[in-house]
Amino acid sequence: MSSSLTIFFDKPLPDGPAPGFARRARAAAARLAEIPEVEISGRVAGIRGGTLAITGLARFAAIGRRLALHAPGAAPAEGGDPPPPFLLAEIVGFDGETAQALAFGPLHGIGPGTQARLLPAGAEGLAISDAWLGRVLDPFGRPLDGGPPPLPGPVRRSPRSGTPPEAGRRARLGPRLDLGVRVLDCFTTCRRGQRLGLFAASGVGKSTLLAMLARRAACDVAVLALVGERGRELREFIEDDLGPEGLARSVVVCATSDTPPLLRREAAYTAMAAAEHFAEAGKQVLLLMDSVTRFAMALREIGLAAGEPPATRGYPPSVFGELPRLLERAGPREEGNPGSITGLFTVLVEGDDHDEPVSDAVRGILDGHVVLDRRIGERAGRWPAVDVLRSLSRTVPGCLTPEEHALAQRARRILALHADMADLIRLGAYRAGSDPAVDEAIRLVPRIEAVLDQRKDDAGPSGVAESFAALARALTEEDPAHGAG
């Protein structure tokens, strides 16, 4: 840890010999500059699993402070400023006066007696800049795309220390936002600064949907947080799904599934800090995070390693305190700043249980939820496989015209009636003409599904107004483009 003293003068000191206080102050400043940096170090006293027990830091350390572990022959560090043979670690708890820390990389070469140097407060800060646009970076802002490091900005910000604007000074949600995906624009219409959850099991097309949003949504900047992704999928997502056009206005922050939990946690914080950087500059930011569940799993690993008791399904209580602290940072900025962060957060639903702890907690924090169902894609062949009847945006009443609202409600009723009668229709037990409403649903549901079906390269209507116009045509039986049914 370094120690410094800054002396401020209300007038410039004159050149040459200066009498009185000015001369003595200049001499004192010169002597202070000669004082060597003070380093505070401890020692690794034990290792259990991936948790390091470090002594000698009790009066100087605090939760969240970073350490540089020095051990000859240690593995290269996976993050932070200290070069090899230093390994970056973070203090996550205390047992009496013994600090408990987790490392940002493998512990090869680390053992009892390893020196642990306390880094200055603020060492975790990142100098985020506009040069991050179009780049694929790790949670420490280092390039993963083979390019040079992005030019740093003038201000360093700690990814974890960001706080949402005060509730009483926060701006209200903005006008409706064109997401460019018809099923979302029609049935879960979104406003600027809103936060939506995308709930789905694995392999239901979440990544493809996120790429469509990054390419099509009406925003200035898209920030994508890929937390715990499979390593082989990163280039596929960037090159095949996102494409050059989407990447050009995006910042991609990635920590793959094989990285330590601290890095996976940090990916979410870094992406949020990047989104805040652009929103504070007055830009409309779309934050896409895949996934909040893997972020929670990383927090669970960290909490259990620090000795927290497991609670609901093994998640310690701190996880459910940290989720709102992260998610509430998205949204409108303070009144007077036109910037906002519109957030779409994916949630992995384990075993199709939408009431599991993380899903239940996230659904209560966000402003709406979109449910993806594999059966819709497999049975109806419609992608994105959004279950319209189980999806909800809490801001719809404030952003649709009466005509659009009536149109969406009519389409929902038709889809709901068809879903109720689906088994009878499939078995041939329903006789045409028995119920005019069911006959209408049988005619119109294929037309509605055709409107909602949208592949990633589809050049069809984009925006809320265009999507409702297409839905209106589908529900007009006399429309020649769809036939008479």
Helix 206-216 sits at what angle to the longest principal axis of the chain, using alpha carbons and giving 0 to 90 degrees rounded to 10?
90
Anisotropy class of the range 258-379 from Cα gyration tensor, a/c 1.5 cut
oblate
Name the residues of the range 205-234 whose amide N is less than 17 Å from a point 7 angstrom out from the Cα of Glu378 along the C-beta direction?
205-206
Carbon and sulfur %, accessible surface of the range 252-396 computed with the full protein complex present, 1.4 Å
50
Would you mind calculating the gained length between Asp145 and Val38 on full extension (0.36 nm times residue separation, minus the Cα-Cα distance), in nm to one decimal?
34.8 nm
Could you state the accessible area per residue of the chain in Å², with a 1.4 Å probe and every protein chain left in place?
46
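Report the semi-axes of the equivalent ellipsoid for the range 181-270 in whole Å, largest first, where each axis is √(5λ) for an eigenvalue λ of the Cα gyration tensor. Don't skip to the answer; put the middle values down first.
Values: eigenvalues 100, 46, 40 Å².
Whole-Å semi-axes of the equivalent ellipsoid: 22, 15, 14.
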Cα axis of helix 402-427 to longest principal axis of the chain: angle in degrees, 0 to 90, nearest 10?
70
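Please compute the length gained on full extension between Thr55 and Glu166, using 0.36 nm multiplied by the number of residues separating them and subtracting their Cα-Cα distance. Before the final figure, lay out each step's value.
Numbers: separation 111, 0.36 × 111 = 39.96 nm, distance 3.89 nm.
Here the segment from Thr55 to Glu166 would lengthen by 36.1 nm.
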Calculated from the structure, Cα extents along the principal axes in Å equals which of [x] 85, 53, 41; [y] 101, 55, 42; [z] 80, 47, 40?
[y]
In the full protein assembly as shown, how much of Ile302 is accessible to a 1.4 Å probe, in Å² to the nearest 10?
20
What angle do you read, to the nearest 10 degrees and between 0 and 90, between the alpha-carbon axis of helix 20-33 and the longest principal axis of the chain?
70
Which part of the range 349-392 falls in the paramagnetic zone of Ile425, meaning amide N under 15 Å from the point 7 Å along Cα-to-beta-carbon?
376, 379-382, 388-389
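Near Ala268, within a Cβ-to-Cβ distance under 12 Å, what is the net charge of the other residues, with Lys and Arg +1 and Asp and Glu -1? Kindly include the intermediate steps, with their values, before the conclusion.
Values: positive: Arg160, Arg264, Arg265, Arg294, Arg325, Arg329; negative: Glu266, Asp290, Glu322.
Here the charged neighbours net out to +3.
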What are the radius of gyration and Dmax of the range 114-176, computed over its Cα atoms and given in Å?
16.4, 56
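Taking all pairs of distinct Cα atoms, average 1/r, flip it, and tell me the Kirkwood hydrodynamic radius of the range 308-397 in Å to one decimal place. If you can, show how the numbers build up before the last one.
Values: mean 1/r = 0.0650 Å⁻¹.
Computed over Cα pairs of the range 308-397, the Kirkwood hydrodynamic radius comes out at 15.4 Å.
Considering only DSSP beta bridges with both partners in the chain, what is the antiparallel share in %, to the nearest 5? Before the final figure, lay out each step's value.
Values: 37 of 68 bridges.
Roughly 55 percent of the DSSP beta bridges within the chain come out antiparallel.
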Restrict the search to the range 425-467; then list the trypsin sites (Lys or Arg not before Pro) that DSSP places in a loop and that have at most 16 other Cβ atoms within 10 Å of their Cβ.
Arg431, Arg455
If each residue of separation counts as 0.36 nm, what is the full-extension length gain between Ala311 and Glu334 once their alpha-carbon separation is subtracted?
4.7 nm
Shape of the range 87-219 from its Cα gyration tensor (a ≥ b ≥ c, root eigenvalues): rounded if a/c is under 1.5, otherwise prolate when a/b > b/c, or oblate?
prolate
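What FRET efficiency, computed as 1/(1 + (r/R0)^6) with R0 = 35 Å and r the Cβ-Cβ distance, is obtained for Glu245 and Ile47, rounded to the nearest 0.05?
Details: r = 48 Å, r/R0 = 1.36.
With a Förster radius of 35 Å, E is 0.15.
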Quickly work out the Ser129-to-Arg235 label distance, labels modelled 7 Å from Cα along the C-beta direction, and quote it in nm with one decimal.
2.8
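Using only the Cα atoms of the range 336-478, build the gyration tensor, take square roots of its eigenvalues as a ≥ b ≥ c, and label the shape rounded, prolate or oblate: rounded if a/c is under 1.5, else prolate if a/b is larger than b/c, else oblate. Could you put the intermediate results ahead of the total?
Details: a/c = 1.94, a/b = 1.35, b/c = 1.44.
Taking the square roots of the gyration eigenvalues as a ≥ b ≥ c, the range 336-478 is oblate.
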Computed helical MRE - 222 nm, the chain, DSSP H runs ≥ 4 contributing -39500 (n - 2.57), nearest 500
-9500 deg cm²/dmol
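The values are calculated or read from the model by the stated rules, or taken from the named source; none is laboratory data. Keep in mind the model is a prediction, meaning the values are calculated, not measured. Positions of Cβ are generated from backbone atoms using ideal geometry, with glycine treated the same way; all protein chains shown enter the neighbour counts. Side chains are part of the model used for accessible areas, which takes the heavy atoms of the whole protein and leaves out ligands, DNA and RNA. Shrake-Rupley method; radii C 1.70, N 1.55, O 1.52, S 1.80 Å.
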